[in-house]
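The values are calculated or read from the model by the stated rules, or taken from the named source; none is laboratory data. These numbers were taken from a predicted model, which means no experiment stands behind them. Here the Cβ is made from the backbone with ideal geometry for all residues, glycine too, and neighbour counts use every protein chain on show.
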Amino acid sequence: MSCSLKAVYGSSVLTVENRAKGSFRVCSSIEALQFKEAIPKEFLAKTLDASDQKPVDSFSLKAPKLDPFNAQPSLCRGKSLRWWEKSLHPNMIEIQSAQELVISLLNAGDRLVVLDFYSPGCGGCKTLHPKICQLAEMNSNAIFLKVNYEQHKPMCYALHVHVLPFFRFYKGQDGRLCSFSCTNATIKKFKDALAKHGNHRSSMGPTKGLHESELLALASNGLISRDLVMNSTLNHNVDEELVLALS
């Protein structure tokens with residue numbers, strides 16, 4: 001003998017079946033739910049009428065929820081920015097390699113280029129960062145190349161950078177204009193250099209970029225290619241045989 005009850009619960013249709021096996025089977029149109037409990041023998045011989053029926057609510061069953069967004073933690077949470085990634089402007093570029101640094105300087109033309117050497121663990125760099133970003137925004141024609149010291153130590157050693165924060169200014173045919181270290185307390189030094197060289201007209205001719213000794217040091221460490229050294233030193237008085245010896 002089997003009896004069944006059907007009830008609409010929210011958007012689900014629940015079916016409760018009494019089978020001769022001595023078990024209840026609860027079926028949902030959305031998902032099958034099952035449970036078993038002992039049934040007295042005398043209940044099996046009893047006719048189920050309206051007075052014997054219990055509301056479906058008395059079974060404390062809840063319709064299954066189909067909510068894919070709550071099924072697992074969201075994978076779309078925004079990545080929090082680290083301090084050296086905040087407030088950056090389009091003219092502020094994070095350098096990924098020595099090769100990129102050399103090419104960026106050569107392609108800058110007559111624009112002022114500021115090399116900004118920093119370290120994530122440098123407190124002075126972190127304090128100074130917001131002001132450098134403000135100055136970069138105010139001098140949108142200048143290019144700010146950011147170099148992470150921790151990620152590019154061999155390159156920084158080849159460029160003789162041993163103190164942070166550290167800055168170098170380059171422009172066109174004149175190459176390096178100045179280099180210095182400054183902190184939040186001595187930011188005036190940076191502002192003065194920016195004002196002096198921002199409107200400075202470089203000598204006529206191809207962009208010079210890094211000094212030849214720096215290029216050779218980078219090449220000797222395998223950080224830049226021989227071809228890039230040759231292209232970068234066309235306007236330098238460098239012994240071509242020495243460059244070829246680096247290959």
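Some notes on this structure:
- Among (1) out of contact with any strand residue (DSSP E or B) (no Cβ under 9 Å at 6 or more places or on another chain); (2) at pLDDT 85 or above, the one test that residue 240 misses: (2)
- Positions within segment 84-102 being over 23 Å from residue 133 (Cβ atoms) and crowded, with 17+ Cβ neighbours inside 10 Å, in sequence order: 98, 102
- Here 193, 136, 158 are screened, and the one residue that is touching a residue at least 12 places away in the same chain (Cβ under 8 Å) and under 18 Å from residue 86 (Cβ atoms) is 136.
- Test: residue in segment 205-212 that is free of Cβ contacts under 8 Å to residues at least 24 places away in the same chain, out of contact with any His (no Cβ under 7 Å at 6 or more places or on another chain), in the same structural domain as residue 118 (by TED's automatic domain parsing) and not β-branched (Val, Ile, Thr): no
- Checking each residue of segment 203-215 against the condition of being within 14 Å of residue 142 (Cα to Cα) and surrounded by 13 or more Cβ atoms within 10 Å (Cβ to Cβ) gives no match.
- Those residues of segment 107-132 which are in contact (Cβ under 8 Å) with a residue 40 or more places away in the chain, surrounded by fewer than 17 Cβ atoms within 10 Å (Cβ to Cβ) and not in a loop (DSSP other than H, G, I, E, B), in sequence order: 127, 130, 131
- When segment 99-143 is limited to residues that are over 22 Å from residue 180 (Cβ atoms) and of a type in the set (Gly, Ala, Ser), the one that is modelled with the lowest pLDDT turns out to be 109.
- Of everything listed in (1) more than 32 Å from the chain's Cα centre (by Cα); (2) more than 14 Å from residue 108 (Cα to Cα), the single unmet condition for residue 214 is (1).
- The single condition from (1) surrounded by 15 or more Cβ atoms within 10 Å (Cβ to Cβ); (2) at pLDDT 95 or above; (3) not hydroxyl-bearing (Ser, Thr, Tyr) that residue 198 fails is (2).
- Segment 136-226 holds helices (runs of 4 or more DSSP H) entirely within its bounds, and those carrying 1 or more residues that are within 20 Å of residue 97 (Cβ to Cβ) map to 153-158, 212-220.
- Residue check, residue 180 in contact (Cβ under 8 Å) with a residue 12 or more places away in the chain, exposed (fewer than 15 other Cβ atoms within 10 Å of the Cβ), more than 21 Å from residue 110 (Cβ to Cβ) and assigned by TED's automatic domain parsing to the domain that holds residue 101: yes
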